[in-house]
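Okay, so here's the structure we're looking at.
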């Protein structure tokens, strides 16, 4: 009989996972031959990151009951042209697995007497939803970015809906990739600015964050989305024109060599 000891009380989902694990162990039968590892998610029994991700994804989708659009976000997120480490952060963000003060407190990683309020506005608990959607400082940044992209000014309920907006607003594949990249840049800049406040006592204003988002997204789109040469002031004026320039030039016969 297995006997586990834990340093804290398990969460409900952890207890369910433990019971599933024990059930698997109880089905085990001792064999005379040599032991070997087998990964059940693959027919050949060999572990792959893809099969592990698919297994976790299926379980998450069943638990959260995601809409078709929200499922599409998780199916397409790894196809983003954003650097992989940024995509990985965004993936954890959508799952609410980033180390906000609220999440750290829930997992007993920080002492109970440590502050859990938002580092930007100091007006509410620093949850993922508050930090990226409802904080007054971040909301001001989001309003400017959405106006810059000519999006409707709608505050979504959660980060999944926030991500869906950028996909719905684009009718062209290259524009969609550009909007997706700008979304990743935006959440990355907000998180970096948050960490600078905590670890470096360096608080950036909303305008500074907006400028960093525009500069970083311009550089990444030039090199990753492969848009034609686009001056920074043009990007700041209308990024959609930069993303569509190659198509517009082709349509008007202005491509070099024609």
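The values are calculated or read from the model by the stated rules, or taken from the named source; none is laboratory data. Computed from a prediction, not measured in an experiment: that's the story for all the values here. When we count neighbours, we look across all protein chains shown, and the Cβ atoms used for this are built from the backbone with ideal geometry, even at glycine.
Quick notes
- The residues of region 178-207 that are outside any helix (DSSP H, G or I) and either in contact with a strand residue (DSSP E or B) (Cβ under 7 Å, 6 or more places away or on another chain) or closer than 15 Å to residue 135 by Cα (or both), listed by number, are 203, 204, 205.
- Residue identified as under 25 Å from residue 160 (Cα atoms) and within 19 Å of the chain's Cα centre (by Cα) among 14, 70: 70
- Restricted to helices (runs of 4 or more DSSP H) entirely inside region 55-170, those with at least 1 residues that are in contact (Cβ under 8 Å) with a residue 40 or more places away in the chain and surrounded by 15 or more Cβ atoms within 10 Å (Cβ to Cβ) are 68-76, 84-94, 136-148, 159-168.
- Of the residues 117, 86, the single one that is at pLDDT 90 or above and in contact with a strand residue (DSSP E or B) (Cβ under 9 Å, 6 or more places away or on another chain) is 117.
Residues are listed down the side, and each one gets a yes or a no for (1) more than 24 Å from residue 87 (Cα to Cα); (2) at pLDDT 85 or above; (3) in a loop (DSSP other than H, G, I, E, B):
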site: 209; (1), (2), (3): no, yes, no
site: 212; (1), (2), (3): no, yes, no
site: 217; (1), (2), (3): no, yes, no
site: 223; (1), (2), (3): no, yes, no
site: 241; (1), (2), (3): yes, yes, no
site: 247; (1), (2), (3): yes, no, no
site: 251; (1), (2), (3): yes, no, no
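Okay, residues lined up against (1) without any contact (Cβ under 8 Å) to a residue 24 or more places away in the chain; (2) surrounded by 13 or more Cβ atoms within 10 Å (Cβ to Cβ):
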position: 188; (1), (2): no, yes
position: 196; (1), (2): yes, yes
position: 200; (1), (2): yes, no
position: 224; (1), (2): no, yes
position: 231; (1), (2): yes, no
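- Where a residue in region 23-39 is at negative phi and touching a residue at least 12 places away in the same chain (Cβ under 8 Å) and its partner, wherever it lies, is surrounded by 10 or more Cβ atoms within 10 Å (Cβ to Cβ) and not in a helix (DSSP H, G or I), with Cβ under 8 Å and at least six apart: 39/45; 39/46; 39/47; 39/48
- Taken as a whole, the condition of being touching a helix residue (DSSP H, G or I) at 6+ places or on another chain (Cβ under 9 Å), more than 19 Å from residue 71 (Cα to Cα) and at pLDDT below 95 does not apply to residue 169.
- Failed item in (1) within 12 Å of the chain's Cα centre (by Cα); (2) at positive phi, with residue 132 passing the rest: (2)
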